[in-house]
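Here is the structure we will look at, set down as structure tokens.
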Amino acid sequence: MAKSDVKLLGAWPSPFVNRVQIALNLKSVDYEFQEEKFDNKSELLLKSNPVHKKVPVLIHNDKPICESLIIVQYLDEVWTSGPSILPSDPYDRATARFWAAYVDDKWFPLLKELRTTEGEEAKAEISKKLKEGLVLLEEAFIKCSKGKGFFGGERIGYLDIVFGSFLGWLKAVEKIAGLKLVGELVTPGLAAWAERFCSHEAVKGVIPETDRLVELAKIIQARLKAQSAPK
Amino acid sequence: MAEEVKLFRTWSSPFPLRIIWAMKLKGIEYETIFEDLSNKSHLLLHYNPVYKKVPVLVHNGKPISESLVILEYIDETWKQPPLLLPEDPYERAMARFWAKFCDEKVLPPVADVLVTQGKEQEAALAQHMENMKRVEEELKGKKFFGGEAIGFADIAYGWMANLLSVMEEVTGLKLTDAEAFPAISTWLQSFSDVPLIKENWPPREKLVSKYQAFREKRLALAAEATSK
């Protein structure tokens, strides 16, 4: 397939974009990447995702697909010759989808909140909830992996990609907030999985370096403070 | 092994209704277990420890939660027609997109309209109308989201076909408009006319009373919070 048939509108720090990049890598799909700026969205982005105006957007044969989880499933359903991303058993698929929704809807918003929270008490409260979530995900990992190295079993799968894409920001927020969330004591399975995931061929070079994300967080925070400062 | 399918539901929640519609469409036999959410059963807590909510589908002892996840499970397990999701990957992506839009964007402002008043309610209503414009555009020229027959996205939006008018009665506000949203109005009618949909609505008067009471309770709580 020609490179121009597949275009990804994205932004390097977005874990949602990283997901799609990882999936494209897994499927060995050649694609064109267009970097979008948060405060200066391209015509193409606005036209391709008029409802949300957000990245990632995958454009395949001129047709746009939006929402990272939907894009990853689309890739899995179109590029069937590559390794499967979703498990083949319907119950395992339902389990993967359930935890993907949990990670996106319940867990990640807490991580985002922790990034901008100040005050030790407030930080402790949010990190407690995050850790409770991680305990649930550790249990899910044990069940889904069935003794192998990934949520997907022997190979990286849907839930690995969905949760793994947050590892960059997880490490960055740990640094910013000055606390550890994933550790060998409470979540040994996840701790080992995280290293395995980040060193996987399809993932290396996609998830940004922790320090780069920490710098970006500082810039965003400064901008927000400037915007809300009394005039 | 004989198929054992159980559905945990409440009498009023629209989310388990989605599963009932899907199972009736496919002719799947199932056992219903009614829950009282103010007094959740041990079984519900065991089968859905993360959210403790309905619906939960239990298939041969294995639980699945979250209505959209359950719908996809049903489609993949009971492959007889009608297919809930289309076969074409692009069309599947579109169906999933609009179902997600329903749950993430359309539902919250409607819930807000129900439990607020004054400026807050006005803002929620305005957001709701913006969402309706999006849905209207998507439905233009189509009988159902799924085309000629109801599918995944129709099932997701199905709550609108009875609850919008219930909310209108409780709040005294207009939530849809035949002139401004002709495609939606036609869809609401077409969807309601499907026999298995018609036969499975919860009793309307009971719904009105329930949402009326819920609105009053939430407004009272809000008043208490601001007066402290």
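The values are calculated or read from the model by the stated rules, or taken from the named source; none is laboratory data. Treat the numbers as computed from the prediction; the structure is a model and nothing was measured. We place every Cβ from the backbone using ideal geometry, glycine too, and count neighbours over all the protein chains shown. The accessibility values were calculated without ligands, DNA or RNA, using every heavy atom of the protein model including side chains. Shrake-Rupley method; radii C 1.70, N 1.55, O 1.52, S 1.80 Å.
In this model, which of A:Lys128/A:Lys171; A:Lys53/B:Lys217; B:Lys6/B:Lys53 are farther than 26 Å apart at the alpha-carbon?
Where the Cα-Cα span goes over 26 Å, the pairs concerned are A:Lys53/B:Lys217.
Which GluC sites (Glu not before Pro) in region A:143-231 pass both tests, a DSSP loop state and at most 12 other beta-carbon atoms within 10 Å?
Passing sites in region A:143-231 are A:Glu154, A:Glu184, A:Glu201, A:Glu209.
Return the whole-Å distance between the Cα centroid of region A:165-222 and the Cα centroid of region B:153-215.
45 Å
Within region A:8-68, list the trypsin sites (Lys or Arg not before Pro) lying in a DSSP loop whose Cβ has at most 14 other Cβ atoms in a 10 Å radius.
When the trypsin sites (Lys or Arg not before Pro) of region A:8-68 are filtered for loop state and at most 14 Cβ neighbours within 10 Å, A:Lys53 remain.
Positive end of the charge dipole of the protein assembly as shown (Lys, Arg +1 and Asp, Glu -1 on Cβ, about the Cα centre): tell me which of B:Leu43, B:Ala220, B:Ala2 has its Cα farthest that way.
Towards the positive end, the residue furthest out is B:Ala220.
Please go through the residue pairs A:Lys7/A:Lys41; A:Lys47/B:Lys174; B:Lys62/B:Lys105; A:Lys47/A:Lys106; A:Lys41/A:Lys180; A:Lys37/A:Lys131 and name each one whose alpha carbons sit more than 24 Å apart in this structure.
Over 24 Å apart, Cα to Cα: A:Lys47/B:Lys174; B:Lys62/B:Lys105; A:Lys47/A:Lys106; A:Lys41/A:Lys180; A:Lys37/A:Lys131.
Write out the GluC sites (Glu not before Pro) in region B:85-156 meeting two conditions: DSSP loop, and at most 13 other Cβ atoms within 10 Å of their Cβ.
Answer by residue number: B:Glu87, B:Glu148.
Treating the beta-carbon of each Lys and Arg as +1 and of each Asp and Glu as -1, no other charges, what is the dipole magnitude of the protein assembly as shown about its Cα centre, to the nearest 20 debye?
820 debye
Report the Stokes-Einstein translational diffusion coefficient (µm² s⁻¹, integer) for chain A, Rh taken as the Kirkwood radius over Cα pairs, at 4 °C with viscosity 1.567 mPa s.
In µm²/s, the coefficient rounds to 70.
Can you compute the helix-only [θ] at 222 nm over chain A? Use -39500 (n - 2.57) per DSSP H run of at least 4 residues, normalise by all residues, nearest 500 deg cm²/dmol.
Computed ellipticity for chain A at 222 nm equals -17000 deg cm²/dmol.
Just to verify a number: FRET efficiency for A:Gln34 and A:Asn61, C-beta to C-beta distance, R0 = 22 Å, to 0.05?
According to the calculation, E is roughly 0.85.
Under the definition of Cα pairs under 8 Å and six or more residues apart, what whole-number percent is the relative contact order of region A:129-231?
27 percent
If the cut-off is 19 Å between C-alpha atoms, which aspartates and glutamates fall inside it for B:Lys119, apart from same-chain ones fewer than 8 positions away?
Counting by Cα, and skipping residues close in sequence, B:Lys119 has these aspartates and glutamates nearby: B:Glu130, B:Glu168, B:Glu216, B:Glu224.
Let me know the shape class of the protein assembly as shown, please: from the alpha-carbon gyration tensor, a ≥ b ≥ c as square roots of the eigenvalues, rounded when a/c is under 1.5, otherwise prolate if a/b is greater than b/c, or oblate.
rounded
Please list, ordered by chain and number, the residues whose modelled amide H lies under 5 Å from the amide H of B:Ile33; skip anything fewer than 5 residues away on the same chain.
Under 5 Å from the amide H of B:Ile33 lie the amide H atoms of B:Leu7, B:Phe8, B:Arg9, each far enough along the sequence or on another chain.
Could you grab the relative contact order for chain B? Cα pairs under 8 Å, six or more apart, rounded to a whole percent.
About 18 percent, as a whole number.
For B:Lys52, give me every one of the aspartates and glutamates with a C-alpha distance below 15 angstrom, ignoring sequence neighbours fewer than eight places off in its own chain.
Here the aspartates and glutamates satisfying the reach criterion relative to B:Lys52 are B:Glu35, B:Asp36, B:Glu66.
Using unit Cβ charges (K, R positive; D, E negative) and no other charged atoms, how large, in debye to the nearest 20, is the dipole of chain A about its Cα centre?
My answer is approximately 440 debye.
Return, for the Cα atoms of region B:16-136, the radius of gyration and Dmax in Å, separated by a comma.
17.2, 49
Given contacts defined as C-alpha pairs under 8 Å and at least six residues apart, what's the relative contact order of chain A, whole-number percent?
20 percent
Tell me the mean residue ellipticity at 222 nm calculated for chain B from its helices only (DSSP H runs of n ≥ 4, each -39500 (n - 2.57), averaged over every residue, nearest 500).
Taken over chain B, the calculation gives -18000 deg cm²/dmol.
Arrange the residues B:Leu221, A:Leu136, A:Leu111 by how much accessible surface each exposes, largest first, with a 1.4 angstrom probe.
Sorted descending by solvent-accessible area, the residues read B:Leu221, A:Leu136, A:Leu111.
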